[in-house]
1. Looking at C:Glu206, C:Glu251, C:Glu174, which one is among the acidic types (Asp, Glu) and either in contact with a strand residue (DSSP E or B) (Cβ under 6 Å, 6 or more places away or on another chain) or under 24 Å from B:Asn74 (Cβ atoms) (or both)?
2. Enumerate the pairs (first residue in the stretch B:65-92 and more than 8 Å from chain C (Cβ to nearest Cβ); second residue anywhere and basic (Lys, Arg)) with beta-carbon separation below 8 Å, excluding pairs fewer than 6 apart on the same chain, so at least 6 apart or on different chains.
3. Which condition number does B:Ser127 fail, the rest of (1) under 23 Å from A:Ala9 (Cα atoms); (2) under 15 Å from the mean Cα position of the chain (by Cα); (3) polar (S, T, N, Q) being met?
4. In the stretch C:92-103, how many are within 17 Å of C:Asp156 (Cα to Cα) and not in a loop (DSSP other than H, G, I, E, B)?
5. Of all residues in the stretch A:56-104, count the ones that are farther than 23 Å from C:Asp225 by Cα, in contact with a Gly (Cβ under 7 Å, 6 or more places away or on another chain) and either surrounded by 15 or more Cβ atoms within 10 Å (Cβ to Cβ) or among the β-branched types (Val, Ile, Thr) (or both).
6. Could you check, for the stretch C:106-113, whether at least one of its residues is away from chain B (no Cβ under 14 Å), out of contact with any His (no Cβ under 9 Å at 6 or more places or on another chain) and either among the basic types (Lys, Arg) or in a helix (DSSP H, G or I) (or both)?
7. Quick check on the stretch A:1-26: of everything there that is more than 14 Å from chain C (Cβ to nearest Cβ) and surrounded by 12 or more Cβ atoms within 10 Å (Cβ to Cβ), which residue is farthest from B:Ala113 (Cα to Cα)?
8. Within the stretch C:194-244, how many residues are surrounded by fewer than 22 Cβ atoms within 10 Å (Cβ to Cβ), hydroxyl-bearing (Ser, Thr, Tyr) and over 30 Å from A:Pro25 (Cβ atoms)?
Amino acid sequence: MAEPMKIRATMQGDVADVKVLMNHPMETGLRKDAKTGQMVPAHHINTVTAKINGNTVLEGNMAGGVSKNPYLGFKVKGAKSGDTVEVSWVDNKGDKRTDTAKIA
Amino acid sequence: MNALRRNVLKGATGAGAVAVAVAAGLITPARVLAATPRSAFDAKGMADTMKAMGLAAPADSKDITIKAPDIAENGAVVPVEVTSSIAGTSGIAILAEKNASPLVADFSFQGGAQGFISTRIKMANTSLVRAVVTAGGKTYTAAKEVKVTIGGCGG
Amino acid sequence: MKKAILGLIGLGLLGGAVNVMASPESDRQEMIKYYTTKYPNIKIDDYVYGALAFDADSKAQYDAIMEFPPYESVLEKGKKMWETPLKSGKTYADCLPNGGKNIAGNYPYFDEKAGKVVTLIDAINACRVANGEQAYKPGDKATTGTLTAYMRTLSDGMLMNIKVEGPKALDAYEDGKKTFFSRAGQLNFSCATCHVQNAGVRLRSELISPAVGHTVHWPVFRGGDNLVELQTRYVGCFKSVRHISAPAGSEKLNNLEYFHSYLSNGLPMKASVFRK
């Protein structure tokens with residue numbers, strides 16, 4: 001079971017400033033385990049989707065080149081305080097996670 | 001800036017290959033960014049990656065700002081922020097040119113999302129970090145060099 | 001090369017000056033005067049950022065990462081450990097002063113009765129043992145590291161407030177000072193060689209941090225979420241100069257931490273932080 005994301009969203013003028021921290025190892029598949037000498041299999045988030053009040057605002061694709069525990073910051077015009085931000089990800093093993101937060 | 005020019009010169013053969021591919025009708029220049037094929041993330045080297053992304057040689061743009069360090073504190077966590085002030089920006093892709101697989105992530109915007117993305121990437125070597133922006137069916141690009149050193153200290 | 005030679009001359013001068021039996025406070029003032037004379041443009045308050053105070057590009061990356069640090073889940077684990085009652089049913093908050101809040105800057109302190117320096121980790125272990133648990137191993141990331149990483153956030157912003165009172169405390173302080181200024185290892189470096197005489201200078205690609213401001217921000221999370229405790233860093237530093245270090249939690253390193261912490265008196269705690 002994937003650990004929850006942390007989402008912080010604040011209004012900066014008429015633009016919502018959204019910051020997300022996902023919990024994921026983001027293994028590239030190119031790294032050797034120092035102890036066993038075996039290659040660590042690729043395990044990374046493939047897609048990310050962000051919605052505000054149910055409307056998609058951001059769709060992303062990523063791979064092992066994004067740092068462990070991925071951080072995403074984006075800005076949405078027209079959103080307002082109290083709106084719900086929903087962020088979801090799906091990884092290459094089919095594991096997924098969705099979390100929500102209110103815009104402060 | 002000079003680093004960028006050098007790279008463009010160095011990449012000339014790669015771009016040529018892409019142009020040939022376009023001419024041969026193998027790839028189409030216009031595309032929907034969100035539909036980046038998964039294979040583009042596994043492509044090795046810049047030329048193959050751009051090809052897999054279905055990108056013809058994008059035009060250099062001064063309206064793309066890349067905020068990234070001159071020297072990365074740690075290649076495993078390099079903060080990168082891309083802002084595009086090109087009207088109608090609908091997508092931003094981030095590439096680390098010397099990574100085994102250069103394409104790191106790409107994002108498409110709708111419903112009021114601005115042409116802005118902030119993230120942290122892994123970089124294997126000193127290289128250009130390139131942003132490719134899609135706006136109005138066209139693609140634009142900018143790059144910034146980030147030096148990666150092998151460090152040991154930190155306190 | 002020239003810089004290195006200047007550094008060596010500096011060591012002689014400073015080493016000579018500090019070896020005169022001085023009070024801890026005059027040691028601290030002298031150290032600050034040394035840095036501020038060399039780097040008049042860097043405020044001593046910024047020394048809590050370590051080497052980052054000397055390099056805007058590094059500091060910008062630190063700021064970007066600290067906006068949402070990748071190690072947040074480790075702090076959450078630490079919070080759970082902190083809140084979980086010990087065998088006696090009591091919590092750490094019950095047995096540490098002030099519920100464990102705004103106290104980290106008082107450690108290490110000198111315990112007159114025990115006749116030795118007590119670090120924050122010692123105090124936590126004393127609490128564990130008194131409440132029916134086994135002591136944690138100093139330097140263990142999963143236990144002392146994770147717990148103190150969270151516990152220190154409860155003291156974020158507190159000013160470091162180390163006291164050296166009485167002859168025995170002064171002896172422990174002087175012992176730590178001796179370790180700090182003694183050259184050791186194959187490379188024949190002391191702590192001061194790098195972190196006093198060459199602070200702000202590049203050692204190959206690395207900017208060296210000043211000793212003042214060091215102790216306010218441990219443990220650090222290197223490269224994202226790799227937790228490193230202060231005394232583990234001491235052991236690493238000694239290893240870097242090819243010296244066999246005393247282990248984390250030993251009297252020698254506790255005394256070093258006592259002296260080292262005194263140098264940061266008056267500076268705010270920064271818990272917990274990212275380092276490369």
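1. Working: C:Glu251 fails: either in contact with a strand residue (DSSP E or B) (Cβ under 6 Å, 6 or more places away or on another chain) or under 24 Å from B:Asn74 (Cβ atoms) (or both); C:Glu174 fails: either in contact with a strand residue (DSSP E or B) (Cβ under 6 Å, 6 or more places away or on another chain) or under 24 Å from B:Asn74 (Cβ atoms) (or both).
The match here is C:Glu206.
2. B:Ile66/B:Lys144; B:Ala68/B:Lys144; B:Gly75/B:Lys122; B:Val80/B:Lys67; B:Val80/B:Arg120; B:Val82/B:Lys67; B:Thr83/B:Lys67
3. The single condition B:Ser127 does not satisfy is (1).
4. Quick first cut of the stretch C:92-103, residues within 17 Å of C:Asp156 (Cα to Cα) only: C:93, C:96-103.
Filter again for not in a loop (DSSP other than H, G, I, E, B), leaving C:93, C:97-100.
Final tally of qualifying residues: 5.
5. 5
6. Taking the stretch C:106-113 first, the residues away from chain B (no Cβ under 14 Å) are C:106-113.
Checking which are out of contact with any His (no Cβ under 9 Å at 6 or more places or on another chain) leaves us with C:106-113.
With the extra rule that they be either among the basic types (Lys, Arg) or in a helix (DSSP H, G or I) (or both), the set shrinks to C:106, C:113.
Checking the stretch C:106-113: at least one residue is away from chain B (no Cβ under 14 Å), out of contact with any His (no Cβ under 9 Å at 6 or more places or on another chain) and either among the basic types (Lys, Arg) or in a helix (DSSP H, G or I) (or both).
7. Going through the qualifying residues, I end up with A:Met11.
8. So the count comes out to 0.
The values are calculated or read from the model by the stated rules, or taken from the named source; none is laboratory data. Computed from a predicted model, the values in this text were never measured in an experiment. Neighbour counts run over all protein chains shown; Cβ positions are idealised from the backbone, glycine included. Side chains included, ligands, DNA and RNA excluded: accessible areas come from the protein's heavy atoms. Shrake-Rupley method; radii C 1.70, N 1.55, O 1.52, S 1.80 Å.
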